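Report on the structure given below.
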Amino acid sequence: MSLSEEIKQEVDKRRTFAIIAHPDAGKTTLTEKLLLFGGAIRLAGSVKARKANRHATSDWMEIEKQRGISVTSSVMQFDYNGHRVNILDTPGHQDFSEDTYRTLTAADSAVMLIDVAKGVEAQTIKLFQVCRQRGIPIFTFINKLDREGKNPFDLMEELEQVLGIRSVPMNWPIGSGRELCGVYDRMKNQVELFQGKDDHSTIEVRKVEDYNDPLIREMAGDFLTDQLIGDLELLDVAGDQFDYEKVRAGELTPIFFGSAVNNFGVQTFLENFLQMAPKPGAKVSEEGPIDPTDDKFSGYVFKIQANMNPAHRDRIAFLRICSGRFERGMSVKHVRNGKTIKLAQPQQFLAQDRDIVDVAYPGDIIGLFDPGIFRIGDSLSQGKDIVYNELPTFSPEIFAKVTIKNALKQKQYQKGIDQLTEEGTIQVFYSTSFNETILGVVGQLQFEVFQYRMQAEYGVDVQLHRMTYQFARWIVDDNIDPGKFRINSTLVKDKKDNYVALFENEYAMRTAMEKNPNTKFLEVAP
Ligand code: GDP
């Protein structure tokens, strides 16, 4: 087999996705069930254990241990039905950060997990929007069907109203909460029966003719059956038809109902998802799209995790492979600095185990030991210089003024700020009038990570003073009159000397926009 044939085969097998959810929707539980189906039995309980007993793991960042949350995202890999599955774990805590967003750029599709009782929640909305912008397919799993929840039609309406996406149910609940009897699979015409216990070995499925099959009435009784028939007739007539192209374009989300903790509906979901979800596709580079089957290796760094092992002070750069075949020990070009580097000890991730990886293919994520040579967004490539443009920046929403406690440490302080900005830990702004340094982030946690790392890595104690701004807009105007932006806002500069206006509320921002119709207000740096 030629190298490109081999790569093509491997790419066809791969599914790389992220689960997006509001905390408590059941992401940990679902991830664990998926790993179990993938035969990663030795991991049983490990996902949960990591969450509950974080003090036992020594190699996660100190803050993560203290707070019992996942600061940085890890990657889990398993095989199922001939597929190689990569799950990118995004922090579920509300203190998420830009890393969460960046991780989504490494995913080819997303699974949106929703609590049946709570519907679409705040963090789901934010994460959904990032996926939407990237145009990746989004699959919805409505969880906790064993509990009383919202009506399925209301949930579909909510997806449309709140997220602006149409949906098509792949299965439909028969009863709910205490009355839950099963789900009807609309594609395969079968009923998966709810057994209400956490048992992986017995998933009971009954084949039926259609939803009018008398067998359903026997199993579910008259009341639930009439309700099911009514609902499905309505969906058949008035609901969206399944349209593969629309799903692929992220315009239509297939919905699956189930209960992760009861392992109910999870396997059906996994199998359908793996069939419908896209394999790794071409990635945008400065030279145009690069096909994954291109036999020259390339990839980009989407995240850098510092201090995974405080004793060694090492960092791990997470690289998404975009084309070619990766081999341990291979030499590649670090495109930004033009140097050739050897990728000696890469790691692949399986829950908290770190395994050394010998070969990997597009769609896979590898962790590279980083002695401080990588920045977020760096591309590595073999053969030609490929620069990927996959990483967007995000408009900060939380701001703080930073001051140094010991003025003698000015030099280390500046170095720390420069490096951590470059790494993407925080965004920095300088006020034009008061000589203040202002940090901007999308999640409060980034401040804590910044403070911690300034102390741990640069020996500098910093103080952060929260500011009341909520929006940053980059000002593009040939004849900017700084005076204009001091009303209801503060004008600052970013590190490239671009003007940025900070606003305390949406009203102030709208007013400034209306008063300056010829000025462009950009959410991120031009
Ligand atoms: P995460 O914060 O999204 O990772 O959520 P977890 O997986 O930790 O789940 C949050 C809580 O919901 C836990 O107590 C789970 O046991 C529970 N849970 C998860 N799935 C289900 C479900 O299908 N039904 C019910 N009743 N509880 C569930």
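What follows draws every value from the coordinates through simple rules; no lab data is involved. Keep in mind that what you see is a predicted model, and the values were worked out from it rather than measured. Please note: Cβ atoms are built from the backbone with ideal geometry, for glycine as well, and neighbour counts cover all protein chains shown.
Below are the figures for this structure:
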| item | result |
| --- | --- |
| The chain, relative contact order in percent, only Cα pairs under 8 angstrom and at least six apart counted | 14 |
| For q = 0.13, 0.17, 0.20 Å⁻¹, Debye-computed log10 I/I(0) when each Cα of the stretch 96-186 counts as one equal scatterer | -0.47, -0.76, -0.98 |
| Cα-derived Rg to Rh of the stretch 362-440, Kirkwood definition | 1.07 |
| Protection proxy ranking of 230-240, 278-288 - average other beta-carbon atoms within 10 Å, highest first | 278-288, 230-240 |
| The stretch 398-522: radius of gyration over Cα atoms, expressed as a fraction of 2.2 N^0.38 Å | 1.11 |
| Rg/Rh for the stretch 145-248, where both radii come from Cα atoms and Rh is the Kirkwood radius | 0.97 |
| Gained length - Ile487 relative to Glu158, 0.36 nm times residue gap less alpha-carbon distance | 114.6 nm |
| Within straight-line cross-link reach of Lys8, aspartates and glutamates at Cα separation under 13 Å, skipping those fewer than 8 residues along the same chain | Asp291, Asp294, Asp295 |
| Kirkwood hydrodynamic radius (C-alpha pairs) into Stokes-Einstein, the stretch 172-311, 10 °C and 1.306 mPa s, D in µm²/s | 86 |
| Two-decimal log10 I(q)/I(0) for the chain, as the Debye equation yields it once each C-alpha is a single scatterer, q = 0.09, 0.10 Å⁻¹ | -0.71, -0.87 |
| Tail fraction, Cα-Cα pairs, the stretch 459-520, threshold 16 Å, whole percent | 45 |
| Per-residue [θ]222 nm for the chain (sum of -39500 (n - 2.57) over DSSP H runs n ≥ 4, rounded to 500) | -8000 deg cm²/dmol |
| Backbone HN-Hα couplings from phi across the stretch 17-26 [Karplus 6.51/-1.76/1.60, Hz, Gly and Pro as x] | 9, 10, 9, 10, 6, 7, x, 5, 6, x |
